[in-house]
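K.L.:
The structure under discussion is supplied below as structure tokens; questions concerning it will follow.
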Amino acid sequence: MSGKPAVASAAVLDAWVQAAASYVTQIAAVAGAEISKLRHDPGELATRALQPAIWLLLFGQVMAQVRGLQADGGHYLDFLAPGILAQSVLFAAIFYGIAAIWERDLGVLHRYMVSPAPRSALVLGKAVSSGVRGLSQAVIVYLLALVMGLGVDLHPLNVLGVALFIILGSALFSTLSLIIACIVRTRERFMGIGQVLTMPIFFASNAIYPIALMPRWLQVISSINPLTYEVDGLRALMLTGGATSYGLIPDALVLAATTAALVTIAARMYPRLTT
């Protein structure tokens with residue numbers, strides 16, 4: 001008799017393992033399909049290189065001459081580089097939802113909807129693919145920083161940490177983008193809302209200036225802005241001698257928890273795109 005509960009527990013555990021493996025496979029399938037689009041359009045990477053180059057080479061060089069922007073006595077360009085990396089990831093991810101609208105118009109989304117994959121797996125697959133795209137931005141910014149002689153830390157663990165924060169940040173904002181697409185459901189309205197959102201999220205963060213320089217009301221907004229925590233983690237990991245204001249674990253937890261909440265919302269709203 002005592003063996004029956006053990007057999008039942010093993011069967012339950014095996015069922016859970018198989019379900020988890022199937023779920024991960026479904027996420028990987030969606031992510032793989034999205035990532036393959038990038039392989040077919042390598043010119044997109046060259047286009048994406050322009051934005052961080054402009055910010056670092058033009059904006060950064062000018063603002064580096066402004067007194068008071070050298071955080072903690074360091075060089076402003078070193079301070080700026082992680083913020084521009086986060087900005088590049090944000091700008092790419094926040095317009096990710098328009099691809100879902102295109103998929104609906106082309107009939108691809110309907111095929112996703114009739115598949116047995118849970119809606120959360122579809123959303124997570126797109127979030128993962130956005131994270132992989134974000135990593136291409138990291139390569140560009142790292143190369144620019146090295147060419148400019150910035151104090152970039154290339155320790156493997158730090159680079160892995162940077163990759164984790166990029167994936168989390170990109171997943172967060174691409175999922176937010178998908179929610180917006182589910183609400184507006186037209187490309188024209190989506191583009192307008194996306195353009196309105198990017199600048200406030202970017203400027204109400206610590207990406208290009210220290211939080212201590214902000215007025216009190218903007219500091220409060222910055223404290224609830226997920227981009228602030230992404231930049232904080234990137235700045236600590238990417239720079240030689242970099243420091244974090246909140247702690248790497250709290251930074252990662254804020255991003256992960258926000259992403260999980262947005263994925264839950266997006267999974268419920270995703271079918272609305274087909275109606």
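K.L.:
Looking at segment 94-169, what helices (runs of 4 or more DSSP H) fall wholly within it and have at least 3 residues that are out of contact with any Cys (no Cβ under 8 Å at 6 or more places or on another chain), among the aliphatic types (A, V, I, L, M) and at pLDDT 85 or above? If you could, list the steps in order and put the result at the bottom.
P.N.:
Working: elements: 97-106, 108-113, 119-147.
In segment 94-169, the matching helices (runs of 4 or more DSSP H) lie at 119-147.
K.L.:
Here is a further query. Tell me the residue from ILE201, ILE211 that is among the aliphatic types (A, V, I, L, M), closer than 16 Å to SER170 by Cβ and surrounded by 15 or more Cβ atoms within 10 Å (Cβ to Cβ), please. Lay out the reasoning, then the answer.
P.N.:
Numbers: ILE211 fails: closer than 16 Å to SER170 by Cβ.
Being among the aliphatic types (A, V, I, L, M), closer than 16 Å to SER170 by Cβ and surrounded by 15 or more Cβ atoms within 10 Å (Cβ to Cβ) holds for just one of ILE201, ILE211, which is ILE201.
K.L.:
I'm trying to understand the selection: among the residues of segment 170-198, which are part of a loop (DSSP other than H, G, I, E, B) and surrounded by 14 or more Cβ atoms within 10 Å (Cβ to Cβ)?
P.N.:
First pass over segment 170-198, keeping only residues part of a loop (DSSP other than H, G, I, E, B): 185-186.
If the condition is that a residue be part of a loop (DSSP other than H, G, I, E, B) and surrounded by 14 or more Cβ atoms within 10 Å (Cβ to Cβ), then ARG185 is the only one that fits.
K.L.:
Only one of (1) among the hydrophobic types (A, V, I, L, M, F, W, C); (2) modelled with pLDDT under 95; (3) part of a helix (DSSP H, G or I) fails for ALA243. Which number is that?
P.N.:
Of (1) among the hydrophobic types (A, V, I, L, M, F, W, C); (2) modelled with pLDDT under 95; (3) part of a helix (DSSP H, G or I), only one is false for ALA243: (3).
K.L.:
Any residue at all in segment 227-238 that's under 22 Å from VAL89 (Cα atoms), at pLDDT below 95 and either β-branched (Val, Ile, Thr) or surrounded by fewer than 18 Cβ atoms within 10 Å (Cβ to Cβ) (or both)?
P.N.:
no
K.L.:
Can you tell me which of GLY241, GLY247 is in contact (Cβ under 8 Å) with a residue 60 or more places away in the chain and at positive phi?
P.N.:
Just a single option satisfies the conditions, and that option is GLY241.
K.L.:
Turning to a different aspect of this structure: In the set SER136, SER88, which member is more than 18 Å from VAL263 (Cα to Cα), polar (S, T, N, Q) and within 11 Å of the chain's Cα centre (by Cα)?
P.N.:
Every option except SER88 fails the conditions.
The values are calculated or read from the model by the stated rules, or taken from the named source; none is laboratory data. None of the values given here were measured: they were computed from a predicted structure. Virtual Cβ from ideal backbone geometry, glycine too; neighbours counted across all protein chains shown.
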